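The values are calculated or read from the model by the stated rules, or taken from the named source; none is laboratory data. The structure presented is a predicted model; accordingly, all values stated were derived computationally and were not measured. Don't worry about glycine lacking a Cβ; one is built from the backbone with ideal geometry, like all the others, and counts go over all protein chains shown. Accessible surface is based on the protein model in full, side chains and every heavy atom, while ligands, DNA and RNA are left aside. Shrake-Rupley method; radii C 1.70, N 1.55, O 1.52, S 1.80 Å.
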Amino acid sequence: MQVFVTRNLPGGALDRLRGEHDVEVWPERLPPPREELMARMPEVEGLLPLLTDRVDAELIAAAPRLRAISNFAVGVDNVDVEAAAARGIPVGNTPGVLTDSTADLAVALMLGVGRHLTAGDAFVRRGEWKTWEPDLLLGHDLHGATVGVIGFGRIGQAVAQRLEGFECELLHTSRSGGVPLEELLERSDFVSVHTPLTPETRGLIDAAALARMKPTAYLVNTARGPVVDTGALIDALQAGQIAGAALDVTDPEPLPADHPLVQAPNLILLPHLGSATHATRERMADMAVDNLLAGLRGEPMPNQVT
Ligand code: NAP
(Lines give C-alpha, C1' and ligand atoms only; values in the text may rest on other atoms or scores of the structure.)
Protein backbone atom coordinates (compact mmCIF):
# COMPACT_ATOMS: atom_id res chain seq x y z
CA MET A 1 0.00 0.00 0.00
CA GLN A 2 1.00 3.63 -0.42
CA VAL A 3 2.41 5.03 2.81
CA PHE A 4 3.61 8.54 3.53
CA VAL A 5 5.91 9.19 6.51
CA THR A 6 6.35 12.88 7.17
CA ARG A 7 9.97 12.71 8.40
CA ASN A 8 12.79 10.22 8.67
CA LEU A 9 12.65 8.30 11.96
CA PRO A 10 15.52 6.99 14.08
CA GLY A 11 16.37 3.27 14.21
CA GLY A 12 15.34 0.53 11.85
CA ALA A 13 11.55 0.73 12.18
CA LEU A 14 11.00 2.27 8.77
CA ASP A 15 12.83 -0.66 7.14
CA ARG A 16 10.15 -2.96 8.53
CA LEU A 17 7.50 -0.69 7.04
CA ARG A 18 9.32 -0.67 3.68
CA GLY A 19 9.39 -4.47 3.85
CA GLU A 20 5.60 -4.58 3.51
CA HIS A 21 4.56 -1.35 1.79
CA ASP A 22 5.46 1.28 -0.75
CA VAL A 23 6.85 3.94 1.56
CA GLU A 24 7.67 7.57 0.82
CA VAL A 25 9.55 9.40 3.56
CA TRP A 26 9.62 13.21 3.47
CA PRO A 27 13.38 13.82 3.30
CA GLU A 28 13.63 17.37 4.68
CA ARG A 29 14.41 18.58 8.18
CA LEU A 30 11.36 20.87 8.16
CA PRO A 31 7.83 19.42 7.96
CA PRO A 32 6.23 18.94 4.55
CA PRO A 33 4.42 22.15 3.61
CA ARG A 34 0.65 21.86 3.60
CA GLU A 35 0.46 21.67 -0.21
CA GLU A 36 2.98 18.80 -0.28
CA LEU A 37 0.92 16.92 2.30
CA MET A 38 -2.32 17.62 0.42
CA ALA A 39 -0.76 16.54 -2.88
CA ARG A 40 -0.16 13.03 -1.50
CA MET A 41 -3.62 12.56 -0.04
CA PRO A 42 -5.44 11.27 -3.17
CA GLU A 43 -3.24 8.14 -3.23
CA VAL A 44 -2.12 7.66 0.36
CA GLU A 45 -3.40 4.61 2.29
CA GLY A 46 -1.22 4.85 5.38
CA LEU A 47 -0.06 8.08 7.02
CA LEU A 48 2.61 8.40 9.70
CA PRO A 49 2.65 12.07 10.79
CA LEU A 50 4.55 13.93 13.51
CA LEU A 51 3.04 16.38 15.98
CA THR A 52 4.14 19.18 13.65
CA ASP A 53 1.79 17.95 10.90
CA ARG A 54 -1.82 19.10 11.04
CA VAL A 55 -4.01 16.16 10.11
CA ASP A 56 -7.34 17.95 10.07
CA ALA A 57 -10.74 17.17 8.58
CA GLU A 58 -9.80 18.81 5.27
CA LEU A 59 -6.69 16.64 4.92
CA ILE A 60 -8.57 13.47 5.83
CA ALA A 61 -11.36 14.33 3.37
CA ALA A 62 -8.73 14.72 0.64
CA ALA A 63 -7.55 11.14 1.25
CA PRO A 64 -10.30 8.77 0.02
CA ARG A 65 -8.03 5.72 0.24
CA LEU A 66 -6.68 6.45 3.73
CA ARG A 67 -6.96 3.38 6.00
CA ALA A 68 -4.71 4.18 8.96
CA ILE A 69 -3.07 7.14 10.70
CA SER A 70 -0.23 6.49 13.13
CA ASN A 71 0.97 9.55 15.02
CA PHE A 72 4.60 9.64 16.17
CA ALA A 73 3.62 11.04 19.61
CA VAL A 74 1.41 10.21 22.56
CA GLY A 75 -0.49 13.50 22.18
CA VAL A 76 -2.90 13.49 19.24
CA ASP A 77 -3.93 17.14 19.37
CA ASN A 78 -2.56 17.57 15.82
CA VAL A 79 -5.01 14.98 14.47
CA ASP A 80 -8.75 15.46 14.04
CA VAL A 81 -9.51 12.16 15.70
CA GLU A 82 -13.28 12.60 15.29
CA ALA A 83 -13.00 13.19 11.55
CA ALA A 84 -10.87 10.05 11.26
CA ALA A 85 -13.31 8.03 13.38
CA ALA A 86 -16.24 9.21 11.24
CA ARG A 87 -14.50 7.55 8.28
CA GLY A 88 -13.58 4.46 10.33
CA ILE A 89 -9.88 5.30 10.06
CA PRO A 90 -7.98 4.14 13.16
CA VAL A 91 -5.56 6.61 14.76
CA GLY A 92 -2.57 5.26 16.66
CA ASN A 93 -0.22 6.96 19.14
CA THR A 94 2.86 6.09 21.19
CA PRO A 95 1.95 6.09 24.89
CA GLY A 96 4.11 4.65 27.64
CA VAL A 97 7.45 4.39 25.84
CA LEU A 98 8.13 8.10 26.31
CA THR A 99 6.75 8.40 29.84
CA ASP A 100 10.02 8.03 31.72
CA SER A 101 12.09 10.25 29.43
CA THR A 102 9.49 13.02 29.66
CA ALA A 103 9.20 12.65 33.44
CA ASP A 104 13.00 12.83 33.74
CA LEU A 105 12.97 16.07 31.76
CA ALA A 106 10.21 17.59 33.90
CA VAL A 107 12.31 16.96 37.02
CA ALA A 108 15.39 18.32 35.24
CA LEU A 109 13.45 21.50 34.47
CA MET A 110 12.31 21.85 38.09
CA LEU A 111 15.91 21.61 39.26
CA GLY A 112 17.11 23.73 36.37
CA VAL A 113 14.83 26.68 36.98
CA GLY A 114 14.85 26.37 40.79
CA ARG A 115 18.67 26.35 40.92
CA HIS A 116 19.41 28.78 38.05
CA LEU A 117 21.29 26.24 35.93
CA THR A 118 21.06 28.15 32.66
CA ALA A 119 21.51 31.56 34.32
CA GLY A 120 24.57 30.25 36.19
CA ASP A 121 26.06 28.82 33.02
CA ALA A 122 25.52 32.11 31.17
CA PHE A 123 27.03 34.01 34.12
CA VAL A 124 30.27 32.00 33.92
CA ARG A 125 30.48 32.32 30.13
CA ARG A 126 30.00 36.11 30.32
CA GLY A 127 33.04 36.33 32.61
CA GLU A 128 30.99 37.67 35.52
CA TRP A 129 32.17 35.05 38.02
CA LYS A 130 34.55 37.02 40.26
CA THR A 131 34.33 35.17 43.58
CA TRP A 132 32.20 32.84 45.69
CA GLU A 133 29.40 34.98 47.09
CA PRO A 134 27.00 34.13 49.89
CA ASP A 135 24.01 35.42 47.97
CA LEU A 136 24.94 34.61 44.38
CA LEU A 137 22.08 33.18 42.29
CA LEU A 138 20.13 31.85 45.24
CA GLY A 139 17.33 29.53 44.24
CA HIS A 140 14.74 27.28 45.80
CA ASP A 141 15.15 23.66 46.80
CA LEU A 142 13.28 20.89 45.08
CA HIS A 143 13.92 18.51 47.96
CA GLY A 144 11.20 18.90 50.52
CA ALA A 145 9.18 21.21 48.25
CA THR A 146 5.47 20.91 47.61
CA VAL A 147 5.00 19.88 43.98
CA GLY A 148 1.67 20.09 42.21
CA VAL A 149 1.14 17.73 39.27
CA ILE A 150 -1.65 18.80 36.91
CA GLY A 151 -2.82 15.80 34.89
CA PHE A 152 -2.07 12.66 36.89
CA GLY A 153 -1.72 10.15 34.08
CA ARG A 154 1.29 8.15 32.96
CA ILE A 155 3.79 11.04 32.90
CA GLY A 156 2.34 12.90 35.88
CA GLN A 157 2.56 9.74 38.00
CA ALA A 158 6.10 9.04 36.80
CA VAL A 159 7.08 12.56 37.90
CA ALA A 160 5.47 11.98 41.29
CA GLN A 161 7.31 8.69 41.66
CA ARG A 162 10.66 10.40 41.03
CA LEU A 163 9.88 13.19 43.49
CA GLU A 164 9.33 10.74 46.32
CA GLY A 165 13.12 10.43 46.26
CA PHE A 166 13.34 14.19 46.77
CA GLU A 167 11.02 13.89 49.77
CA CYS A 168 8.54 16.29 48.17
CA GLU A 169 5.00 16.78 49.31
CA LEU A 170 2.97 15.78 46.28
CA LEU A 171 -0.35 17.22 45.19
CA HIS A 172 -2.11 16.22 42.03
CA THR A 173 -5.24 17.09 40.13
CA SER A 174 -7.12 15.66 37.20
CA ARG A 175 -10.78 15.42 36.29
CA SER A 176 -11.05 12.08 38.07
CA GLY A 177 -9.40 12.99 41.34
CA GLY A 178 -6.82 14.75 43.45
CA VAL A 179 -7.16 18.18 45.00
CA PRO A 180 -8.97 21.10 43.34
CA LEU A 181 -6.77 22.92 40.81
CA GLU A 182 -7.08 26.16 42.80
CA GLU A 183 -5.72 24.51 45.93
CA LEU A 184 -2.85 22.91 44.02
CA LEU A 185 -1.86 26.26 42.50
CA GLU A 186 -1.98 28.04 45.84
CA ARG A 187 0.03 25.45 47.78
CA SER A 188 2.69 24.31 45.32
CA ASP A 189 6.33 25.43 45.14
CA PHE A 190 6.60 23.79 41.71
CA VAL A 191 3.60 23.32 39.41
CA SER A 192 4.16 20.76 36.66
CA VAL A 193 1.71 20.40 33.78
CA HIS A 194 0.99 16.94 32.31
CA THR A 195 -2.46 17.10 30.72
CA PRO A 196 -3.14 16.45 27.05
CA LEU A 197 -4.05 19.51 24.96
CA THR A 198 -7.83 19.46 24.61
CA PRO A 199 -10.45 22.21 24.27
CA GLU A 200 -10.80 21.95 28.06
CA THR A 201 -7.09 22.32 28.87
CA ARG A 202 -6.26 25.03 26.30
CA GLY A 203 -5.36 28.09 28.38
CA LEU A 204 -5.85 26.16 31.64
CA ILE A 205 -2.89 28.06 33.10
CA ASP A 206 -4.17 31.56 32.44
CA ALA A 207 -3.73 34.87 34.25
CA ALA A 208 -6.10 33.83 37.03
CA ALA A 209 -4.27 30.52 37.56
CA LEU A 210 -0.87 32.24 37.61
CA ALA A 211 -2.21 34.79 40.09
CA ARG A 212 -3.04 31.94 42.47
CA MET A 213 0.56 30.69 42.48
CA LYS A 214 2.99 31.77 45.19
CA PRO A 215 5.50 34.47 44.20
CA THR A 216 8.21 31.92 45.10
CA ALA A 217 6.73 29.17 42.91
CA TYR A 218 7.85 27.85 39.52
CA LEU A 219 5.80 26.65 36.58
CA VAL A 220 7.06 23.73 34.50
CA ASN A 221 5.34 22.71 31.27
CA THR A 222 6.31 19.54 29.44
CA ALA A 223 2.77 18.88 28.15
CA ARG A 224 1.71 21.12 25.26
CA GLY A 225 2.38 24.83 24.82
CA PRO A 226 -1.21 26.10 24.53
CA VAL A 227 -2.14 24.65 27.94
CA VAL A 228 -0.36 27.78 29.25
CA ASP A 229 -1.50 31.23 28.13
CA THR A 230 1.76 32.66 26.77
CA GLY A 231 0.79 36.34 27.18
CA ALA A 232 -0.32 35.79 30.76
CA LEU A 233 2.92 33.95 31.55
CA ILE A 234 5.03 36.77 30.12
CA ASP A 235 3.11 39.25 32.30
CA ALA A 236 3.48 37.07 35.41
CA LEU A 237 7.23 36.63 34.90
CA GLN A 238 7.80 40.31 34.20
CA ALA A 239 5.78 41.33 37.24
CA GLY A 240 7.57 38.81 39.46
CA GLN A 241 4.21 37.26 40.20
CA ILE A 242 5.89 33.83 40.10
CA ALA A 243 9.58 33.01 40.64
CA GLY A 244 10.15 31.48 37.22
CA ALA A 245 9.11 29.01 34.58
CA ALA A 246 10.65 26.23 32.56
CA LEU A 247 9.01 25.29 29.30
CA ASP A 248 9.77 22.34 27.09
CA VAL A 249 6.73 23.24 25.01
CA THR A 250 5.57 26.69 23.96
CA ASP A 251 2.82 28.45 22.09
CA PRO A 252 3.80 29.05 19.34
CA GLU A 253 6.14 26.25 18.33
CA PRO A 254 8.76 26.78 17.15
CA LEU A 255 9.23 29.90 19.25
CA PRO A 256 10.85 32.64 17.15
CA ALA A 257 14.01 34.08 18.75
CA ASP A 258 12.41 37.55 18.68
CA HIS A 259 9.23 36.43 20.48
CA PRO A 260 8.53 38.45 23.67
CA LEU A 261 8.53 35.24 25.72
CA VAL A 262 12.25 34.84 25.00
CA GLN A 263 12.93 38.14 26.80
CA ALA A 264 10.95 37.20 29.93
CA PRO A 265 13.04 36.82 33.10
CA ASN A 266 13.68 33.63 35.11
CA LEU A 267 12.74 31.36 32.26
CA ILE A 268 14.23 28.22 30.75
CA LEU A 269 13.16 27.37 27.21
CA LEU A 270 13.70 24.06 25.44
CA PRO A 271 12.72 23.04 21.90
CA HIS A 272 10.22 20.27 22.81
CA LEU A 273 12.76 17.67 23.96
CA GLY A 274 10.54 15.64 26.33
CA SER A 275 11.01 12.31 24.56
CA ALA A 276 14.33 13.20 22.92
CA THR A 277 16.60 10.33 23.86
CA HIS A 278 18.02 7.80 21.41
CA ALA A 279 16.33 4.84 23.08
CA THR A 280 12.94 6.51 23.48
CA ARG A 281 12.72 7.86 19.95
CA GLU A 282 13.60 4.41 18.57
CA ARG A 283 10.89 2.83 20.72
CA MET A 284 8.42 5.46 19.52
CA ALA A 285 9.33 4.70 15.91
CA ASP A 286 8.83 0.97 16.50
CA MET A 287 5.46 1.57 18.12
CA ALA A 288 4.30 3.97 15.41
CA VAL A 289 5.29 1.50 12.69
CA ASP A 290 3.63 -1.40 14.54
CA ASN A 291 0.45 0.68 14.77
CA LEU A 292 0.52 1.52 11.07
CA LEU A 293 1.26 -2.06 9.99
CA ALA A 294 -1.66 -3.35 12.06
CA GLY A 295 -4.00 -0.61 10.82
CA LEU A 296 -3.14 -1.34 7.18
CA ARG A 297 -3.82 -5.05 7.77
CA GLY A 298 -7.23 -4.10 9.11
CA GLU A 299 -6.27 -5.33 12.58
CA PRO A 300 -6.60 -3.35 15.83
CA MET A 301 -3.51 -1.21 16.41
CA PRO A 302 -1.43 -2.10 19.48
CA ASN A 303 -2.00 1.50 20.62
CA GLN A 304 -5.10 2.93 19.09
CA VAL A 305 -6.78 6.17 20.15
CA THR A 306 -10.01 5.54 18.22
P1 NAP B 1 -2.22 10.37 30.04
O2 NAP B 1 -1.67 9.13 30.66
O3 NAP B 1 -3.43 10.28 29.19
O4 NAP B 1 -2.46 11.43 31.21
C5 NAP B 1 -3.11 12.64 31.02
C6 NAP B 1 -3.75 13.05 32.33
O7 NAP B 1 -4.37 14.33 32.16
C8 NAP B 1 -4.81 12.11 32.85
O9 NAP B 1 -4.51 11.82 34.18
C10 NAP B 1 -6.10 12.88 32.73
O11 NAP B 1 -6.92 12.49 33.81
C12 NAP B 1 -5.61 14.31 32.85
N13 NAP B 1 -6.50 15.31 32.26
C14 NAP B 1 -7.12 15.29 31.06
N15 NAP B 1 -7.88 16.38 30.90
C16 NAP B 1 -7.73 17.10 32.04
C17 NAP B 1 -8.28 18.32 32.48
N18 NAP B 1 -9.14 19.01 31.73
N19 NAP B 1 -7.90 18.78 33.71
C20 NAP B 1 -7.06 18.09 34.48
N21 NAP B 1 -6.50 16.92 34.10
C22 NAP B 1 -6.84 16.43 32.90
O23 NAP B 1 -1.12 11.08 29.13
P24 NAP B 1 0.47 11.04 29.30
O25 NAP B 1 1.04 9.89 28.56
O26 NAP B 1 0.80 11.22 30.73
O27 NAP B 1 0.84 12.35 28.45
C28 NAP B 1 0.32 13.61 28.82
C29 NAP B 1 0.61 14.64 27.75
O30 NAP B 1 2.00 14.96 27.78
C31 NAP B 1 0.38 14.14 26.31
O32 NAP B 1 -0.97 14.28 25.91
C33 NAP B 1 1.30 15.02 25.49
O34 NAP B 1 0.61 16.14 24.98
C35 NAP B 1 2.35 15.48 26.50
N36 NAP B 1 3.68 14.96 26.17
C37 NAP B 1 4.69 15.83 25.91
C38 NAP B 1 5.96 15.36 25.64
C39 NAP B 1 7.09 16.30 25.34
O40 NAP B 1 7.90 16.00 24.48
N41 NAP B 1 7.22 17.40 26.05
C42 NAP B 1 6.21 13.98 25.60
C43 NAP B 1 5.16 13.12 25.89
C44 NAP B 1 3.90 13.61 26.16
P45 NAP B 1 -8.51 12.62 33.78
O46 NAP B 1 -8.96 11.99 32.49
O47 NAP B 1 -8.93 11.92 35.00
O48 NAP B 1 -8.77 14.08 33.84
Legend entry - Listed residues 60, 215, 111: farthest to the positive end of the dipole of the chain (Cβ charges): 60
Inset, instruction - Compute the relative contact order of the chain as a whole-number percentage, counting only Cα pairs closer than 8 Å that sit 6 or more residues apart in sequence. - result: 20
Legend entry - Formal net charge of residues neighbouring residue 121 (Cβ-Cβ distance under 15 Å; K, R +1; D, E -1): +2
Inset, instruction - Report the extension gain between residue 1 and residue 20 in nm, rounded to one decimal, defined as 0.36 nm multiplied by the number of residues separating them, less their alpha carbon distance. - result: 6.0 nm
Legend entry - Net +/- balance of residues flanking residue 293 in space, Cβ distance below 13 Å, scoring K and R +1, D and E -1: -2
Inset, instruction - Using the Kyte-Doolittle scale, find the helices of the chain whose mean hydropathy is at least -1.0 and whose Cα atoms extend 18 Å or more along the helix's long axis, counting only whole DSSP H runs. - result: 99-114, 278-297
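With the full set of protein chains in place, find how many percent of the accessible area of the chain is carbon and sulfur; take the probe as 1.4 Å.
On the way: 7540 of 14450 Å².
The nonpolar share, carbon plus sulfur, comes to 52 percent.
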Inset, instruction - Report, by chain and number, residues whose modeled amide H sits under 5 Å from the one on residue 92, excluding near sequence neighbours (fewer than 5 apart, same chain). - result: 69, 70, 71, 305
Inset, instruction - Calculate, for the chain, the solvent-accessible area per residue in square angstrom, rolling a 1.4 angstrom probe over the heavy atoms of the protein chains. - result: 47
Inset, instruction - Just need the relative contact order of the stretch 1-149 here, percent rounded to a whole number, with Cα pairs under 8 Å and 6+ apart. - result: 16
Legend entry - Exposure ranking of 194, 278 by accessible area [1.4 Å probe, largest first]: 278, 194
Legend entry - Cubic angstrom per residue, convex hull over Cα atoms of the chain: 144
Legend entry - Rounded Å value of the spacing that divides the Cα centres of the stretch 251-292 and the stretch 32-78: 20
Inset, instruction - Considering only 54, 126, 175, give the residue with the highest GNM mean-square fluctuation for the chain, with springs between Cα atoms whenever their separation is below 10 Å. - result: 126
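Checking the a/c ratio against 1.5 first, then a/b against b/c, what shape does the Cα gyration tensor give for the stretch 64-163? List each step's numbers first, then the result.
Details: a/c = 4.52, a/b = 2.49, b/c = 1.81.
Prolate, because a/c is 1.5 or more and a/b exceeds b/c.
What FRET efficiency do you get for residue 207 and residue 263 if R0 is 22 Å and r is their Cβ-Cβ distance, rounded to the nearest 0.05? Spell out each step's value before the answer.
Working: r = 19 Å, r/R0 = 0.85.
Calculated transfer efficiency: 0.75.
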Inset, instruction - Please go through the stretch 5-44 and write out the GluC sites (Glu not before Pro) that DSSP classes as loop and that have at most 16 other C-beta atoms within 10 Å. - result: 28, 43
Inset, instruction - Could you tell me which chymotrypsin sites (Phe, Trp or Tyr not before Pro) in the stretch 98-180 are loop residues by DSSP with no more than 14 other beta carbons within 10 angstrom of their beta carbon? - result: 129, 132
Inset, instruction - Give the distance, in whole Å, between the Cα centre of the stretch 148-162 and the Cα centre of the stretch 93-118. - result: 11
Legend entry - Listed residues 147, 159, 262, most fluctuating in the chain (Gaussian network, C-alpha, under 10 Å): 262
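Give, as a single signed number, the net charge of other residues whose beta carbon lies under 14 Å from the beta carbon of residue 2, with Lys and Arg counted +1 and Asp and Glu -1.
Details: positive: 18, 40, 65, 67; negative: 20, 22, 24, 43, 45.
Counting the neighbours of residue 2, the net charge comes to -1.
Can you work out the FRET efficiency for the pair residue 186 and residue 235, with r the C-beta to C-beta distance and R0 = 22 Å, to the nearest 0.05?
Values: r = 19 Å, r/R0 = 0.86.
Once the sixth-power term is evaluated, E becomes 0.70.
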